[in-house]
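Here's the structure we're looking at; comments come further down.
Here, each number is a calculation from the coordinates, and none is a lab measurement. Only a predicted model underlies this, so the values are computations on that prediction, with no experimental measurement involved. We place every Cβ from the backbone using ideal geometry, glycine too, and count neighbours over all the protein chains shown.
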Amino acid sequence: MKKRGFEIVSKYHNAGLHLPQRQTIASAGYDFECAQDIVLPSIWCMNFVRIFRLIRNSHELNERDLELAEKVLKPFLVPTGIKAYMPEDEVLILANRSSNTYKRNVTLPNGIGVIDSDYYNNEKNEGEIYFQMINYGVRPLKIKKGERIGQGIFMPYLKADNDEPVQRQRLGGFGSSGTRNEE
């Protein structure tokens with residue numbers, strides 16, 4: 001019986017991906033690789049700078065400015081082609097690699113990612129894990145297929161004494177928008 005682990009999602013089945021691995025005996029995290037070549041643009045080369053200038057010069061932002069800022073200031077989703085299965089009382093925590101911030105100027109804007117057990121095989125994206133990333137360096141960053149982009153750590157979690165979860169079924173996606181009430 002399978003307890004916890006990783007699988008390749010069907011759309012990448014014949015793409016030559018590697019399952020996440022720990023790199024040393026004492027490593028807590030499983031290193032995830034990028035599923036395809038991508039380029040993370042620098043935030044400094046986007047319209048973000050225009051919005052920053054407007055704010056800095058005390059210009060009142062109109063609705064168009066705000067919409068543009070919201071569109072530009074979003075992280076990029078870096079695909080892994082991997083999904084994770086685990087017991088119901090565990091979570092997979094996604095974390096940045098220390099070399100990403102120190103050497104590559106890349107951060108996870110959400111700090112960590114949380115992959116719940118019911119994300120596995122959801123109907124929207126089969127449970128594919130993505131890393132949300134922002135490149136705060138001055139140059140675009142090319143990430144090649146197979147480069148390590150982050151790590152995942154399986155962890156048990158505790159429930160409160162009076163825990164009464166809302167009865168929902170996961171549809172996929174990020175955050176609460178990926179659920180619906182069961183009625």
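Taking a straight Cα-Cα cut-off under 19 Å and skipping sequence neighbours fewer than 8 places away in the same chain, the lysines within cross-link reach of K142 are K74, K103. When we measure straight from the Cα of K159, which aspartates and glutamates land under 17 angstrom away, once same-chain ones fewer than 8 places off are left out? Result set, ordered by chain and number: E88, D89, E90, D116, D118. Simple rule: put +1 on each Lys or Arg Cβ and -1 on each Asp or Glu Cβ in segment 8-151, find the dipole, and look at N57, V72, N110; the Cα lying farthest toward the positive end is N57. Highest mean first, the peptides 40-46, 161-167, 65-71 sorted by other C-beta atoms within 10 Å per residue fall in the order 40-46, 65-71, 161-167.
When shorter helices are ignored and each DSSP H run of at least 4 residues is given -39500 (n - 2.57), the per-residue value for the chain at 222 nm works out to -4000 deg cm²/dmol.
For segment 33-173, the antiparallel share of DSSP beta bridges with both residues in that region comes to about 95%. Under a 5 Å amide H cut-off, with hydrogens placed 1.01 Å from N, E33 pairs with I149 among residues at least 5 apart or on other chains.
Shown is the FRET efficiency for L66 and E123, computed with R0 = 35 Å from the Cβ-Cβ distance and rounded to the nearest 0.05: 0.60. Angle of helix 63-72 to the longest C-alpha principal axis of the chain, folded into 0 to 90 degrees and rounded to 10: 50°. Packing, taken as the mean count of other beta carbons within 10 Å per residue, orders the peptides 29-37, 50-58 from highest to lowest as 29-37, 50-58.
Need the list of lysines near K3 for cross-linking: C-alpha distance under 19 angstrom, and skip anything on the same chain fewer than eight residues off. Straight-line reach from K3, under 19 Å: K83.
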